[in-house]
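Have a look at the structure below, then the notes.
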Amino acid sequence: GQLPTWLQGTLLRNGPGMHTIGDTKYNHWFDGLALLHSFTFKNGEVCYRSKYLRSDTYNCNVEANRIVVSEFGTMAYPDPCKNIFAKAFSYLSHTIPEFTDNCLINIMKTGDDFYATSETNFIRKINPQTLETLEKIDYSKYVAINLATSHPHYDSAGNTLNMGTSIVDKGKTKYILFKIPPSVPEKEKKKSCFKHLEVVCSIPSRSLLHPSYYHSFGITENYIVFIEQPFRLDIVKLATAYIRGVNWASCLAFHKEDKTWFHFVDKKTKKEVSTKFYTDAMVLFHHVNAYEEDGHIIFDLIAYTDNSLYDMFYLKNLNNDFEENNKLTSTPTCKRFVVPLQYNKDAEVGSNLVTLPSTATAVKEKDGSIYCQPEILCEGIELPRINYDYNGKKYNYVFATKVKWSPVPSKIVKFNIQTKEMLHWGEDHCWPSEPIFIPSPDAREEDDGVVLTCVVMTDPKKGAFLLVLDAKTFKELGRATVNIEMHLDLHGMFIPEKDLKTETE
């Protein structure tokens, strides 16, 4: 095929790539050692490169020729030949887990730098051109957090916004929103941006020992949207997991009888909206987008009615009959919530406060709290991406993978939120990854541009490839086939050529 001449830059992606070390195996697909890969577009040609993230975790494991660093789904134990004192000490040191720096989920940009990220307090700086692993950053040196999301947001000033959980710090457990500036003042050129990290606000957890798990959050022009779901981490179990011989994943539980609470933080005042908004129990990993309209906050997300998704990816389930045997008990559903921030305070109990045209409702309860019910936009999509120029603004299109009842993507789709029209791309034996939208330089409309996805073949005789689609029509423009075994990745980003520093810089 033919690639647009304006497509110049690098698609950089991250995901688990190595699951066996010596004669030890990880229990879970999401535990595998991070493998970075990139597709670089230059003058109509595509160049592929891949490299393992040389994390401390990678180095320790490879040196020992066995898994010695615990991951979320795999608890690693010291060598039984070591003496009893070493063993006792390692039990103690695990009560506050020293988390792994196997940053395998996403890529984050901060100023001119790029980092591999996961959900612990560690991120690893990488060179986006050579995929070399550079320094390790520990968030907890700059802000009191133990966990952080791998889905940050970027504002118009170039700041990186992210959220993390601070576990029982000074007797409180809270969710902290923080901001990393894109650059440092001239006179402090030697210092890192993280030294200027600023806490925007903190939201107290409803429970000291059971904070909510979250993978992403939403942002509008004036507000941060954070969802406290009843999918929660048990801190006492987490602290004793090592002694009990179980993995950290077993310390997460979904409480289906509980509520899901919505938090809205005003970016200017840094204060939370005082009205209590909630909905039924749900499990959520990915926010799609959020925006404001006529005194309402509208936010779209992909939700489940249980937490079965994680269990599907235990490696014991990933066998030849995987697609047949592993059926999601809850299909991912794209839901739109419409939340009235400004409403008539004298409205009757039981009345719907949403004044926009939508089937989503927000009903006033006796105690003054507001119970929200969503509009269902569509079902069976995951790994949603948008044209990021429309992040926090009213928008029309979601690009996503189509997953039906099996957790493995069979197609990628473009979904029009207004018309509910869905365009598909799919072929036999193809598992596409998260689709990434890149706007064309002279874009006038939201879907002027291309969509990129890495496609892994289930037929071992066929090579994996990068697919380039016209974002408007969803027709194929071209594909670049790679004659290697490509791994199924998770998330990543496109870096335009102008944002890639040359080596000399």
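Give, in nm to one decimal, the length gained when the segment between Asp138 and Ile376 is fully stretched (0.36 nm per residue of separation minus the Cα-Cα distance).
Here the segment from Asp138 to Ile376 would lengthen by 81.7 nm.
With r defined as the distance between the Cβ atoms of Glu221 and Lys25 and R0 fixed at 45 Å, what FRET efficiency is calculated, to the nearest 0.05?
Plugging the Cβ-Cβ distance into 1/(1 + (r/R0)^6) gives 0.45.
What's the ranking of 350-356, 233-239 by average number of surrounding C-beta atoms within 10 Å, highest first?
233-239, 350-356
Lys136: which aspartates and glutamates have alpha carbons under 16 Å from its alpha carbon, excluding same-chain residues fewer than 8 sequence positions away?
Excluding near neighbours in sequence, the set is Asp56, Glu98, Asp101, Asp113, Glu119.
Say R0 is 41 Å: what FRET efficiency, to the nearest 0.05, do Gln2 and Glu293 get from their beta-carbon distance?
The computed FRET efficiency comes out at 0.55.
Heavy atoms only, probe 1.4 Å: what % of the accessible area of the chain goes to carbon and sulfur, would you let me know?
Whole-percent figure for carbon plus sulfur exposure: 52.
On each of the three principal axes of the Cα atoms of the chain, give max minus min coordinate, whole Å, ordered largest first.
Principal-axis extents of the Cα atoms in the chain, largest first: 70, 61, 60 Å.
At 7 Å along the Cα-to-beta-carbon direction for both Asn59 and His429, put a label point, then send me their distance in nm to one decimal.
Inter-label distance under the simple model: 4.1 nm.
Working out 0.36 nm times the residue gap between Leu356 and Ala443, then minus their Cα-Cα distance, what length gain in nm do you get to one decimal?
Stretched out fully, the Leu356 to Ala443 stretch lengthens by 28.4 nm.
Compute the distance in nm between two label points, each set 7 Å from the Cα along the Cα-to-Cβ direction, one at Ala347 and one at Thr473.
About 4.6 nm separates the two model spin labels.
May I ask you to order 252-260, 379-387 by the average number of other C-beta atoms within 10 Å around their residues, highest value first?
Final packing ranking: 379-387, 252-260.
Kindly report the accessible area of the stretch 9-499 per residue (heavy atoms of protein chains, probe 1.4 Å, no ligands, DNA or RNA), in Å².
Per-residue accessible area for the stretch 9-499 comes out at 44 Å².
Which pairs, out of Lys179/Lys268; Lys141/Lys191; Lys25/Lys316; Lys109/Lys498; Lys335/Lys364; Lys172/Lys268, put more than 18 Å between their alpha-carbon atoms?
Among Lys179/Lys268; Lys141/Lys191; Lys25/Lys316; Lys109/Lys498; Lys335/Lys364; Lys172/Lys268, the Cα-Cα distance tops 18 Å for Lys335/Lys364; Lys172/Lys268.
Whole angstrom only: what separates the Cα centroid of the stretch 1-34 from the Cα centroid of the stretch 343-418?
Centre-to-centre (Cα) distance: 31 Å.
How much length is gained if the chain between Lys271 and Lys172 is pulled fully straight, taking 0.36 nm per residue apart and subtracting their Cα-Cα distance, in nm to one decimal?
33.8 nm
On a straight-distance basis, which aspartates and glutamates could pair with Lys394 in a cross-link, Cα separation under 17 angstrom, same-chain partners fewer than 8 positions away excluded?
Straight-distance partners of Lys394: Asp155, Glu221, Glu292, Glu293, Asp294, Asp300, Glu375, Glu445, Glu446, Asp447, Asp448.
Could you give the nm distance between label points at Lys187 and His255, where each point is 7 Å from its Cα heading toward the beta carbon?
Inter-label distance under the simple model: 5.0 nm.
The values are calculated or read from the model by the stated rules, or taken from the named source; none is laboratory data. Computed from a predicted structure; not experimentally measured. Using ideal geometry, Cβ is built from the backbone for each residue, glycine included, and neighbour counts are taken over all protein chains shown. Keep in mind that these areas ignore ligands, DNA and RNA; they rest on the heavy atoms of the full protein, side chains included. Shrake-Rupley method; radii C 1.70, N 1.55, O 1.52, S 1.80 Å.
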